[in-house]
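A.B. asks: Below is the structure I would like to discuss, written out as structure tokens.
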Amino acid sequence: MQSLEEATKELNDPWLAHVFKHLFLPEVPVVFIMIILGALSGGNMAVRKDGSGGFARALEKRYLDLGGEVAYRSTVEKILVKKDHAVGVRLSNGEEYRADHIVSAADGHSTLYDLLEGKYITAELRKIHTEWPLWKPVVLINYGVARDFSYEPSITMLKPTSSKGAGYLSSDCWVIRIFNYCPNCAPAGRTLVQVMIESEWQPWKDIREDKDAYNAEKEMTGKQVLEHLNDVWPGIKDQVEMTNVATPHTWWRFTRNRQGAFEGFAIIDKIFTTSVKRTLPDLDNFFMAGQWVVPGGGVIPTLVSGKHAAMLLCRRDGKAFNTSSKEK
């Protein structure tokens, strides 16, 4: 399959080639972009006016309505196993919860090597987690701006004229999202402006050991990126009322995703159509879901993987898969 990088070599306009090359990773197959554009054109993909927070809360409400419970700020330290059957989890605070089945949507590497202590990993999964590339980590900066951006497109791509050094940032392509379609993201007359920039894992991990240096680097990064935005929208740097900088280490701290890879494995030709097994042959009552079993991650494939896990559970228990809260 032809990659974006290969396909864009046929374009004559350098900036157009640059934009298409960075719609996703340059290594992404062109067919993947066609799938995304087709879904958008057919009305099967869209952005929500209440943002990602509204989407997450809708999922939570559905789960709670079905009788589920959610325990936030609860880091799982170990999956409890008895006679090769998963029987529960132990949290980092020592609390233990027993269960008939365990479904892990957590980071794949830490699930297999840490939570299960590497005891049930297969040769195939070991190869996957050793050889498959990860999504490059990003720095995500949100600015609360006292300015009306209703006239601007919601997404802009920027190639900075120079790299000023802070934040270990790529100077290749910055994605700027202007949430002018989301009334819940900012008060009237103000706008949330978000900048996503590829970065590096190791420097942020290392500097995190010195909390003062880490915080100083975050502050410097926010300021210097804002200088670039001011070149595009003069005066914006004096209108910023809130700044929040999330680093690759932030992604790891909240999600434990390996090396801050926010969408798991990168989409490249050799793994684009490859599936990852949801179960382990020597461990019963255990299933995997989430972005680490669907190369490339993303909202829709990840949600579908959760559906697959539920279907596997139903099949195991001899029950019909039913999406209604009432038995039919």
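A.B. asks: Using 0.36 nm times the number of residues separating ASN244 and PHE272, minus their current alpha carbon distance, what extension gain do you get?
C.D. replies: Numbers: separation 28, 0.36 × 28 = 10.08 nm, distance 3.37 nm.
Result for the pair: 6.7 nm of gain on full extension.
A.B. asks: Filter LYS9/LYS270; LYS127/LYS159; LYS82/LYS277 down to the pairs with a C-alpha to C-alpha distance above 24 Å, please.
C.D. replies: LYS127/LYS159
A.B. asks: Under the rule of at least 5 residues apart or a separate chain, name every residue whose amide H is placed under 5 Å from the amide H of SER104.
C.D. replies: PHE287, MET288, ALA289
A.B. asks: Quick one: Karplus J couplings for the range 229-238, per residue in order, coefficients 6.51, -1.76, 1.60, θ = phi - 60°, nearest Hz, x for Gly and Pro?
C.D. replies: 5, 5, 5, 8, 10, x, x, 5, 5, 8
A.B. asks: Quick one: go through the range 298-315 and flag any residue whose amide nitrogen is under 19 Å from the point 7 Å out along the Cα-to-Cβ line of PHE254.
C.D. replies: Correct set: 298-300, 302-303.
A.B. asks: Counting other C-beta atoms within 10 Å, which of VAL138, VAL19, VAL87 has the fewest, and how do the rest follow?
C.D. replies: VAL19, VAL87, VAL138
A.B. asks: Then there's this: State log₁₀ I(q)/I(0) for the range 241-281 at q = 0.27, 0.32 Å⁻¹ as given by the Debye formula over alpha-carbon point scatterers of equal weight, solvent excluded.
C.D. replies: For the range 241-281, the Cα-only Debye profile gives -0.92, -0.99.
A.B. asks: In nm, to one decimal, how far is the modelled label at ILE35 from the one at GLU6, with both set 7 Å along Cα→Cβ?
C.D. replies: Between ILE35 and GLU6, the simple spin-label model gives 1.7 nm.
A.B. asks: May I ask for the angle, rounded to the nearest 10°, between helix 299-317 and the longest principal axis of the chain, with both axes built from Cα atoms and the value confined to 0 to 90°?
C.D. replies: With both axes taken from Cα atoms, the answer is about 0 degrees.
A.B. asks: Using label points projected 7 Å from each Cα along Cα→Cβ, tell me how many nm separate ASP148 and ASP172, to one decimal.
C.D. replies: Reported label-point gap for ASP148 and ASP172 is 3.9 nm.
A.B. asks: Also, I was wondering about something else. For the chain, what is the mean residue ellipticity at 222 nm derived from helices alone (per DSSP H run of n ≥ 4: -39500 (n - 2.57); sum divided by total residues; nearest 500 deg cm²/dmol)?
C.D. replies: Working: 9 runs with 105 residues, N = 328.
Calculated mean residue ellipticity at 222 nm is -10000 deg cm²/dmol.
A.B. asks: Same structure, new question: How many nm separate the modelled label positions at GLU69 and ALA99, each set 7 Å beyond the Cα in the direction of the Cβ?
C.D. replies: 1.3
A.B. asks: Another question, if that's okay. With a cut-off of 8 Å between alpha carbons and a minimum separation of six or more residues, what is the relative contact order of the chain in percent?
C.D. replies: Reported relative contact order: 20 percent.
A.B. asks: On to the next question. Check TYR181: other-chain or 5+ apart residues with amide H under 5 Å from its amide H, H built from backbone geometry?
C.D. replies: none
A.B. asks: Report the extension gain between ASP231 and ALA216 in nm, rounded to one decimal, defined as 0.36 nm multiplied by the number of residues separating them, less their alpha carbon distance.
C.D. replies: Extra length from ASP231 to ALA216 when fully extended: 3.1 nm.
A.B. asks: Same structure, new question: For a quick check: with amide H placed at 1.01 Å from N, whose amide H comes under 5 Å from THR243's, ignoring anything fewer than 5 positions away on the same chain?
C.D. replies: Here GLY144 satisfy the definition.
No value in this document is a laboratory result; all are computed from the given coordinates. Since this is a predicted model, take the numbers as computed values, not measurements. As a convention, Cβ positions derive from the backbone with ideal geometry for all residues, glycine included, and neighbour counts pool all protein chains shown.
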